[in-house]
Amino acid sequence: MDEHKPRVLLTGATGFVGGRLLPNLVSNGFQVRCLVRSASGFAGSLPPEIKAEPVEGDLLKPGTWEASLDGMDVAFYLVHSMGGRNFSEIKSFAERDQKAATHFLKAAEAAGLSRIIYLGGLGELGDSLSEHLASRQEVGRILQSGKVRTTILRAANIIGAGGAPFEMLRYMVERVPVMICPRWVDTPCQPIAISNVVDYLAGCLQQEDTAGLSFDIGGPDIISYRELMLIYARVRGLRRLVVTVPVLTPRLSAYWINLMTPVPAGVIMPLVEGLRNTVVCRENRIRDLVPARLVSMEEAVCTALAETEKGPGRLPSTQSCFRRL
Ligand SMILES: NC(=O)c1ccc[n+]([C@@H]2O[C@H](COP(=O)([O-])OP(=O)(O)OC[C@H]3O[C@@H](n4cnc5c(N)ncnc54)[C@H](OP(=O)(O)O)[C@@H]3O)[C@@H](O)[C@H]2O)c1
């Protein structure tokens, strides 16, 4: 651990992205405190070589977590509120996202934090953006509106074992030989491998020039969801057919995906609604500031499959998307 490096608060450490970022930060000598909703469960799940301080708190319960900011310099904001036990909770994620971000910014300002690094979503406002993607943008706007210099990274779907987009892809292509899809299957997207997301998040921490700025991040392939499904099928040696039909509402698609995959409905619904929105980088400035070897979607799928085979427990967050409420 390097005493001169900024001290880091990691929110979302039990999640898909936060769980992958944590080992990278620790191995690079950062002192990391993890804000988690269950400290005992989290501490028990960490491999011995990952030394991090867990602090228990819930961002939606004022008074439970603010002390986690004491003595910290930089915070990663890697949380969202999708999920829920019933229809009304599933529908109200944007309200919870807004509440958590507003309160987080206020507490970060009071604690004198120097930076926040937030991972949000691609997609353009005014493009009849889905509620989920609009909420991700709103969180970025809130965090950047205060005194703390906030870096926003905007990503499309992230490909890695245990992440909701990859698990939806995996279960659908494995289980359904002929996929009947609505028009969203041909929406352009620029997915990114989880390893590249970690490169950029960790890179922004080390690169002061990224403070206070927003960057689009994406992999080397601009493809459609149809092509992504066919890449998965090709890697697995499966013969798959994707058929487009003009009328299949996002809600019907979501019910169908919910039947075919173990990903919870509260996560599927908002994600599927967003599949109609083009999610492609508008600019690539991050590539100059944080150089990284960009991983192709074929390689990202291969890596995710290899990690899936190792099974839960080998990665901190392999099954994170299945643990939603
Ligand atoms: N996955 C993707 O493809 C993707 C794509 C683009 C952007 N992003 C962004 O990346 C970030 C992380 O996403 P993810 O995929 O890692 O999500 P995830 O696996 O669902 O993890 C979400 C994390 O947020 C925590 N959390 C939720 N509500 C909380 C609260 N009230 N208080 C404290 N912690 C709370 C969860 O803790 P518990 O374990 O206690 O539930 C979990 O650690 C989000 O901002 C998301 O929008 C993800």
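The number of residues in segment 14-59 that are touching a residue at least 40 places away in the same chain (Cβ under 8 Å) and assigned to a loop (DSSP other than H, G, I, E, B) comes to 10. Quick check on N24: is it within 20 Å of the chain's Cα centre (by Cα), over 30 Å from L129 (Cβ atoms) and not acidic (D, E)? The answer is yes for N24.
Name the residue, out of G29, G83, that is on the phi > 0 side of the Ramachandran plot and near the ligand (Cβ under 10 Å from one of its atoms).
G83
Looking at this structure, is L169 within 10 Å of the ligand (Cβ to nearest atom), under 22 Å from L252 (Cβ atoms) and open to solvent by 10 Å² or more (accessible area, probe 1.4 Å)? Spelling it out, it is not the case that L169 is within 10 Å of the ligand (Cβ to nearest atom), under 22 Å from L252 (Cβ atoms) and open to solvent by 10 Å² or more (accessible area, probe 1.4 Å).
Among residues that are surrounded by 20 or more Cβ atoms within 10 Å (Cβ to Cβ) and assigned to a helix (DSSP H, G or I), V272 is included.
Just checking, which of V245, V235, V263 is of a type in the set (V, I, T) and closer than 24 Å to G15 by Cα? Give the derivation first.
On the way: V245 fails: closer than 24 Å to G15 by Cα; V235 fails: closer than 24 Å to G15 by Cα.
Selected residue: V263, the only one of V245, V235, V263 that is of a type in the set (V, I, T) and closer than 24 Å to G15 by Cα.
Of the helices (runs of 4 or more DSSP H) that lie entirely inside segment 62-151, those containing 3 or more residues that are open to solvent by less than 30 Å² (accessible area, probe 1.4 Å) and under 23 Å from V17 (Cα atoms) span 93-111, 131-144. Taken over segment 1-19, the criterion of being open to solvent by 30 Å² or more (accessible area, probe 1.4 Å) and within 9 Å of the ligand (Cβ to nearest atom) is satisfied by T14 alone.
The C-beta contact set for segment 71-88 (first residue among the basic types (K, R), second residue within 13 Å of the ligand (Cβ to nearest atom), distance under 8 angstrom, 6+ apart or interchain) comprises R85/L325.
Filtered by the rule that a residue be in contact with a helix residue (DSSP H, G or I) (Cβ under 7 Å, 6 or more places away or on another chain) and open to solvent by 40 Å² or more (accessible area, probe 1.4 Å), segment 275-289 gives R276, L289. Restricting attention to segment 32-51 and to residues that are open to solvent by 20 Å² or more (accessible area, probe 1.4 Å) and modelled with pLDDT of 95 or more, the residue that is nearest to the ligand (Cβ to nearest atom) turns out to be R37.
The values are calculated or read from the model by the stated rules, or taken from the named source; none is laboratory data. Source: prediction; values computed, not measured. Heads up, the Cβs are rebuilt from the backbone with ideal geometry, glycines too, and the neighbour counts pull from every protein chain shown. Surface areas here come from the heavy atoms of the whole protein model, side chains and all, with no ligands, DNA or RNA. Shrake-Rupley method; radii C 1.70, N 1.55, O 1.52, S 1.80 Å.
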